[in-house]
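Note sheet for the following structure.
The values are calculated or read from the model by the stated rules, or taken from the named source; none is laboratory data. What you see is a predicted model; the values in this text were computed from it and never measured. Ideal geometry is used to build each Cβ from the backbone, glycine not excepted, and the neighbour counts take in all protein chains shown.
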Amino acid sequence: MPNVGYVYDPVYLEHGVPGHPESPARLRAIITHLESGGLLASLRQIAARDATLEELQLVHSPEMVERVRRAAEAGGEHWLDVDTYVVSRSYLAAIAATGAVVAAADAILDGDLSSVFCLVRPPGHHATPSTAMGFCLFNNVAIAAAHLLERRGLERVAIVDFDVHHGNGTQDAFYSDGRVLYFSTHQYPFYPGTGAAEERGEGEGRGAIVNVPLPAGCGDSEYLRAYEEVCAPLLRRFQPQVVLVSAGFDAHFADPLAQMLVSTRGYYRIATLLRELAGELCGGWLLFALEGGYDLRALPWSVRACLDALAGEPFVEDPLGAGPAVRGPETAEIFSAVKLMHGLEL
């Protein structure tokens, strides 16, 4: 896989508290799986680096950044909300995660690689400009997008978010900024309570926020319809210069924190479509950054499937299989409403 890269740093494992689902075990499982199959050795590794304060403040307020830093500096275990913790090494892990995604975006623009998977944590897409929340400290993907716009001179960046939870922080960061197309599929209603189809942006950003809220029980067919019938035509209309992906794998049928039924093969097919769209629209420039995914069997196989898709390799059957053979919920009205709101052909 000479043109596919990854970024990883062991410091990400130093952020953790016992019993929390967003744990170091997630990344350990991924790295172990990729190493055991020889896949990691076939990828080009990008050196991780820390995000600068200026980069963090492209999205987050100085007060928010300082709140996280001080909580870590105080030592011990601190909770920013009922879900989101900070320990002594959390700030270092978080700025290393953000810096890695920015570095990966730079590597793509500099021609080193066409696509990169950022194996980072803590995740980021719930972190708003003013608040760390939902397991997330800093918004890795949003900061990378802002960096590409403000520091690298791009004019149009697409962010695709297939985490099972709506990326409220990413939406908030670009709600009035038409330079970013934010497309999200997510279980709805569900945490964090945002992501209704009617949330479409405002001002210059009107229509650049696209939410496809899906009911519990949706699987591969519903997700693929969202990406083929809504995401693909929107990306073609927007003509992004790069595609960033908030890659959460908690819509997998084995995940304990949600009620969706996506399979590993489903993720492979979504990633393949995104690779093809990036090839068609922006020279193949495509960046994946890890968000959620909490089943330690499904997560590494799903990441593997996406890496294979990025490289154009065939799908490798995983031991979890296709999941429950049940009929999904009725979604025709949802797709019709979203298409109508965003001027897509019905």
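Looking only at residues in segment 188-234 that are within 15 Å of residue 161 (Cα to Cα) and among the polar types (S, T, N, Q), the one that is surrounded by the fewest Cβ atoms within 10 Å (Cβ to Cβ) is 194.
Give the residue, chosen from 267, 294, that is under 30 Å from residue 144 (Cα atoms), aromatic (Phe, Trp, Tyr) and outside any helix (DSSP H, G or I). First the steps, then the outcome.
Values: 267 fails: outside any helix (DSSP H, G or I).
Testing whether each residue is under 30 Å from residue 144 (Cα atoms), aromatic (Phe, Trp, Tyr) and outside any helix (DSSP H, G or I) leaves just 294.
Among the numbered conditions (1) assigned to a loop (DSSP other than H, G, I, E, B); (2) within 20 Å of the chain's Cα centre (by Cα), tell me where residue 55 comes up short. That leaves (1) as the condition not met.
Looking across segment 97-118 at every residue that is among the charged types (D, E, K, R) and outside any helix (DSSP H, G or I), the one that is surrounded by the fewest Cβ atoms within 10 Å (Cβ to Cβ) is identified as 110.
Each residue in segment 14-24 was checked for being touching a helix residue (DSSP H, G or I) at 6+ places or on another chain (Cβ under 9 Å) and exposed (fewer than 15 other Cβ atoms within 10 Å of the Cβ), and 0 pass. Residue 325 passes every criterion in (1) touching a Phe, Trp or Tyr at 6+ places or on another chain (Cβ under 9 Å); (2) modelled with pLDDT under 95 apart from (1). Taken over segment 97-123, the criterion of being within 28 Å of residue 25 (Cβ to Cβ) and either without any contact (Cβ under 8 Å) to a residue 60 or more places away in the chain or aromatic (Phe, Trp, Tyr) (or both) is satisfied by 98, 99, 102, 117. Contact annotation: no residue pair with Cβ atoms under 6 Å, 6 or more positions apart or on different chains, pairs a residue in segment 223-240 that is over 15 Å from residue 267 (Cα atoms) and without any contact (Cβ under 8 Å) to a residue 40 or more places away in the chain with a partner that is surrounded by fewer than 21 Cβ atoms within 10 Å (Cβ to Cβ) and among the hydrophobic types (A, V, I, L, M, F, W, C).
Considering only residues in segment 80-95 that are among the charged types (D, E, K, R) and more than 21 Å from the chain's Cα centre (by Cα), the one that is surrounded by the most Cβ atoms within 10 Å (Cβ to Cβ) turns out to be 89.
Check 177, 172 and return the single one that is surrounded by fewer than 24 Cβ atoms within 10 Å (Cβ to Cβ), part of a helix (DSSP H, G or I) and modelled with pLDDT of 95 or more. Checking each option against the conditions leaves just 172.
So is residue 176 among the hydroxyl-bearing types (Ser, Thr, Tyr), more than 15 Å from residue 292 (Cα to Cα) and out of contact with any Asp or Glu (no Cβ under 7 Å at 6 or more places or on another chain) or not? Before you say what the answer is, go through the steps one by one.
On the way: among the hydroxyl-bearing types (Ser, Thr, Tyr): yes; more than 15 Å from residue 292 (Cα to Cα): yes; out of contact with any Asp or Glu (no Cβ under 7 Å at 6 or more places or on another chain): no.
In short, no.
Scanning segment 237-259 for residues that are touching an Asp or Glu at 6+ places or on another chain (Cβ under 8 Å) and outside any strand (DSSP E or B) gives 241, 248, 249, 250, 251, 254, 255, 256, 257, 258.
Candidates 134, 124, 153: the one that is at positive phi and buried (at least 23 other Cβ atoms within 10 Å of the Cβ) is 134.
Within segment 61-74, is there a residue that is polar (S, T, N, Q), more than 21 Å from residue 311 (Cα to Cα) and within 20 Å of the chain's Cα centre (by Cα)? Quick ask: steps written out before the conclusion?
The first filter runs over segment 61-74 and keeps only residues polar (S, T, N, Q), leaving 61.
Filter once more, keeping what is more than 21 Å from residue 311 (Cα to Cα): 61.
Restricting the remaining residues to those that are within 20 Å of the chain's Cα centre (by Cα) gives none.
So far as segment 61-74 goes, no, none of its residues is polar (S, T, N, Q), more than 21 Å from residue 311 (Cα to Cα) and within 20 Å of the chain's Cα centre (by Cα).
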